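Bear in mind these aren't lab numbers, they're just calculated from the coordinates by the rules spelled out. Since the structure is predicted, the reported quantities are computational estimates derived from the model, not experimental observations. Heads up, the Cβs are rebuilt from the backbone with ideal geometry, glycines too, and the neighbour counts pull from every protein chain shown.
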Amino acid sequence: RKEVEQDPGPFNVPEGATVAFNCTYSNSASQSFFWYRQDCRKEPKLLMSVYSSGNEDGRFTAQLNRASQYISLLIRDSKLSDSATYLCVVNRVSNYQLIWGAGTKLIIKP
Amino acid sequence: DAGITQSPRHKVTETGTPVTLRCHQTENHRYMYWYRQDPGHGLRLIHYSYGVKDTDKGEVSDGYSVSRSKTEDFLLTLESATSSQTSVYFCAISGTEGTEAFFGQGTRLTVV
């Protein structure tokens, strides 16, 4: 089992819709969680950190479920510009390294 | 955007030749990382550094070496390039280990 797993997609979603995707992790002791966004042929960019209490940034909401060991990302009122690959990141407790999911591809259609 | 510059941005090289990629930061961050990204895989850590002259191996370090002689520069060397090292290489920095990382624009390396 991979340490961090994501559905690769693609998720094809109409503009204005709400979309959500999850990411599961294997180490229950992990402490740091992040969502990154990566546009085609570009570098990953931090979208948001994920806190135990959940957090919201505009149209984006991230949540952590420690019992089931997953984090989620919800995008409301999706825009064409939200089309990208979303990467889930979790820290490895043994050496603090960041472990990256392979990403979920999102395509927003007009 | 974080001040991270990678060079070169694109390179084509022949099998068996040595290649050095450079990462330069202006953020004075302690931690620097080299990742490779291939289709179907997440970012995979090659090597990282936690200070000048302090480096350690990541999960895919075979065939790669690194050096950090100054806080701002982190070099990745492919001693003898192979076709399996064709990839996109990203440098990243962070102020604290295990926290969010910020990336350079990447180097697209093709080994023919």
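Its residue count N fixes a reference of 2.2 N^0.38 Å for chain A, and the Cα radius of gyration divided by that reference is 1.02.
If I take R0 = 41 Å and measure r between the Cβ atoms of A:Ala17 and B:Thr15 in this structure, what FRET efficiency does the formula 1/(1 + (r/R0)^6) give, to the nearest 0.05? The pair A:Ala17/B:Thr15 has a calculated efficiency of 0.30.
Using the alpha-carbon centroid of each, what span in Å lies between the range B:91-112 and the range A:1-28? The two parts, judged by their Cα centres, are 23 Å apart. The range B:30-69 to the range A:72-102: how many Å between their Cα centroids? Between the Cα centres of the range B:30-69 and the range A:72-102 lies a distance of 20 Å.
Here the range B:60-112 is treated with +1 on each Lys and Arg Cβ and -1 on each Asp and Glu Cβ, and its dipole about the Cα centre works out to around 140 debye. Residue by residue, the range B:11-25 carries 3J(HN,Hα) couplings of 8, 10, 9, 9, 3, x, 8, x, 9, 10, 10, 10, 10, 10, 10 Hz when phi is fed to the Karplus relation 6.51 cos²θ - 1.76 cosθ + 1.60 (θ = phi - 60°); x denotes Gly or Pro. With the gyration tensor restricted to C-alpha atoms of the protein assembly as shown, the semi-axes of the equivalent ellipsoid amount to 30, 20, 16 Å, longest first. Across the options B:Leu43, A:Gly54, B:Ser84, the greatest Cα extent toward the positive end of the charge dipole of the protein assembly as shown (unit charges at beta carbon of Lys, Arg, Asp, Glu) belongs to B:Ser84.
In sequence order, the range A:59-74 has phi-based couplings of 7, 10, 10, 10, 9, 10, 10, 6, 4, 9, 6, 8, 10, 10, 10, 10 Hz under the Karplus curve 6.51 cos²θ - 1.76 cosθ + 1.60, θ = phi - 60°, and Gly or Pro positions carry x. Using the Cβ of A:Arg59 as centre and a radius below 15 Å, the other residues enclosed give a net charge of -2, where K and R count +1 and D and E count -1.
The radius of gyration of the Cα set in chain B, together with its Dmax, comes out at 13.0, 38 angstrom. Assuming a ≥ b ≥ c are the square roots of the Cα gyration tensor eigenvalues, decide whether the range B:22-71 counts as rounded (a/c under 1.5), prolate (otherwise, with a/b larger than b/c) or oblate. Cα axes put the range B:22-71 in the prolate bin. A cut-off of 5 Å between modelled amide H atoms, ignoring neighbours fewer than 5 places along the same chain, links A:Gln97 with A:Arg92.
For the range A:9-23, putting each phi into the Karplus relation 6.51 cos²θ - 1.76 cosθ + 1.60 with θ = phi - 60° gives couplings of x, x, 8, 9, 10, x, 4, x, 7, 9, 9, 9, 9, 10, 9 Hz, in residue order, rounded to whole numbers and with x for Gly and Pro. Taken about its Cα centre, chain A carries a charge dipole of roughly 180 debye when the Cβ of each Lys and Arg holds +1 and the Cβ of each Asp and Glu holds -1. Within the range A:32-61, the trypsin sites (Lys or Arg not before Pro) that combine a DSSP coil assignment with at most 11 other C-beta atoms in a 10 angstrom radius are A:Arg41.
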